[in-house]
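**Q** Following this message is one structure expressed as structure tokens.
The values are calculated or read from the model by the stated rules, or taken from the named source; none is laboratory data. What you are looking at is a predicted structure, and each value in this text was computed from that prediction instead of being measured. Cβ atoms come from the backbone with ideal geometry, glycine included; neighbour counts cover every protein chain shown. Side chains included, ligands, DNA and RNA excluded: accessible areas come from the protein's heavy atoms. Shrake-Rupley method; radii C 1.70, N 1.55, O 1.52, S 1.80 Å.
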Amino acid sequence: GTSEYGQNTDTSRPFGLGPSAAITTVALADVTVAPSSIFETLGYIFVCAGRYVYRIDPATNTATLSKDFGAGVVAVMGMRWETDIGLVCTDAATLSLWKVTVIGSPDTLTQTADVVAYRLAAGINRLYKISKTGVLKQIATALDPMVEANWADEVQVGDTISAPTGMVAYERTVFVAKQEGIFGVGEEGFGVPFVRRVDRNTNTGKGMVV
């Protein structure tokens, strides 16, 4: 066999070797924890890191503080949904969903009046949310995710103690990771474990992707 070693090379494609992508370091002021989520919306890159959400301009690679949720609140994740709107979830016990509405100095993020969402995942023609206590719901496309009444089909996933560590949607179903295992929704509409006999671990399911 043969081997190849090189610096600044891209080997992500089978039997292909090419120059690597440009790597730019962007500093996030006051951030002392690892970012928990990165997403793109409204032509910018957003980063959730601790209590902060930063907006990065891809044209200049400059980072601007988009939102400071304050002490005791963590920006868990964010994502782009439908008509290029940005949604951000926090670990707050109530009113934990925010929407990026205006880009400015600072940006304007609008808080929900009644939605509790710890994590989100987008599937085919629907969006899923789960609360910190494991309550899973879904919403159909074109409905406003900032209104709790638009969410339906409530399912309890796992226990009510541990917070979800990850969630991904696949077509018209969803998979949820918690400390005690990986869960889905069974045929009877209940949350069921897909991976059993898992030792409780806060890292179970972190970084889940489809």
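**Q** Which numbered condition trips up Gly104, out of (1) open to solvent by less than 60 Å² (accessible area, probe 1.4 Å); (2) more than 24 Å from Lys178 (Cα to Cα); (3) not in a loop (DSSP other than H, G, I, E, B)?
**A** (3)
**Q** Identify, from the list Asp153, Asp199, the residue that is modelled with pLDDT of 90 or more and among the acidic types (Asp, Glu). Lay out the reasoning, then the answer.
**A** On the way: Asp199 fails: modelled with pLDDT of 90 or more.
On inspection, the qualifying residue turns out to be Asp153.
**Q** So, one more: Could you list, in sequence order, all residues of the range 120-137 that are closer than 24 Å to Val74 by Cβ and assigned to a strand (DSSP E or B)?
**A** Pass one, the range 120-137, residues closer than 24 Å to Val74 by Cβ: 120-122, 127-137.
Within the range 120-137, Leu120, Ala121, Ala122, Leu127, Tyr128, Lys129, Ile130, Val135, Leu136, Lys137 qualify.
**Q** Counting only residues that are in contact (Cβ under 8 Å) with a residue 40 or more places away in the chain and among the charged types (D, E, K, R), which one in the range 96-128 is farthest from Arg172 (Cα to Cα)?
**A** Among residues in the range 96-128 that are in contact (Cβ under 8 Å) with a residue 40 or more places away in the chain and among the charged types (D, E, K, R), the one farthest from Arg172 (Cα to Cα) is Asp107.
**Q** To continue, here is another question. Conditions: (1) in a loop (DSSP other than H, G, I, E, B); (2) open to solvent by 20 Å² or more (accessible area, probe 1.4 Å); (3) closer than 28 Å to Thr133 by Cα. Ala117 meets all but one. Number of the miss?
**A** (2)
**Q** Next up: Just to be sure before I move on: is Gly166 free of Cβ contacts under 8 Å to residues at least 12 places away in the same chain and open to solvent by less than 50 Å² (accessible area, probe 1.4 Å) in the structure I sent?
**A** No; evaluated as a whole, the condition is false for this residue.
**Q** Does the range 126-160 hold any residues that are farther than 20 Å from Ser37 by Cα and open to solvent by 70 Å² or more (accessible area, probe 1.4 Å), and which are they?
**A** Ala142, Leu143, Ala149, Asp153, Glu154, Gln156, Thr160
**Q** Then there is this: Tell me whether the range 80-88 contains one or more residues that are farther than 30 Å from Val157 by Cα and under 18 Å from the mean Cα position of the chain (by Cα).
**A** So in the range 80-88, the residues farther than 30 Å from Val157 by Cα come out as none.
Looking for residues that are farther than 30 Å from Val157 by Cα and under 18 Å from the mean Cα position of the chain (by Cα), one finds none in the range 80-88, hence no.
**Q** Among the residues of the range 74-100, which ones are open to solvent by 60 Å² or more (accessible area, probe 1.4 Å) and assigned to a strand (DSSP E or B)?
**A** Arg80
**Q** Sort out which residues of the range 142-180 are over 18 Å from Arg200 (Cβ atoms) and among the β-branched types (Val, Ile, Thr), and write them in order of number.
**A** Val147, Val155, Val168, Thr173, Val174
**Q** Among the residues of the range 149-166, write down those that are among the polar types (S, T, N, Q) and not in a loop (DSSP other than H, G, I, E, B).
**A** Those that are among the polar types (S, T, N, Q) and not in a loop (DSSP other than H, G, I, E, B): Asn150, Gln156.
**Q** Restricting attention to the range 190-210, and to residues there that are of a type outside the set (Val, Ile, Thr) and in a strand (DSSP E or B), which single residue is farthest from Lys132 (Cα to Cα)? Step through it out loud before you land on a result.
**A** First, pick out the residues of the range 190-210 that are of a type outside the set (Val, Ile, Thr): 190-191, 193-194, 196-197, 199-201, 203, 205-208.
Pick out the ones that are also in a strand (DSSP E or B) and you get 191, 193-194.
Working: Gly191: 15, Pro193: 18, Phe194: 20 Å.
Top of the filtered list is Phe194.
**Q** Exactly one of these conditions fails for Glu180: (1) in contact with a helix residue (DSSP H, G or I) (Cβ under 8 Å, 6 or more places away or on another chain); (2) touching a residue at least 12 places away in the same chain (Cβ under 8 Å). Give me its number.
**A** Of the numbered conditions (1) in contact with a helix residue (DSSP H, G or I) (Cβ under 8 Å, 6 or more places away or on another chain); (2) touching a residue at least 12 places away in the same chain (Cβ under 8 Å), the odd one out for Glu180 is (1).
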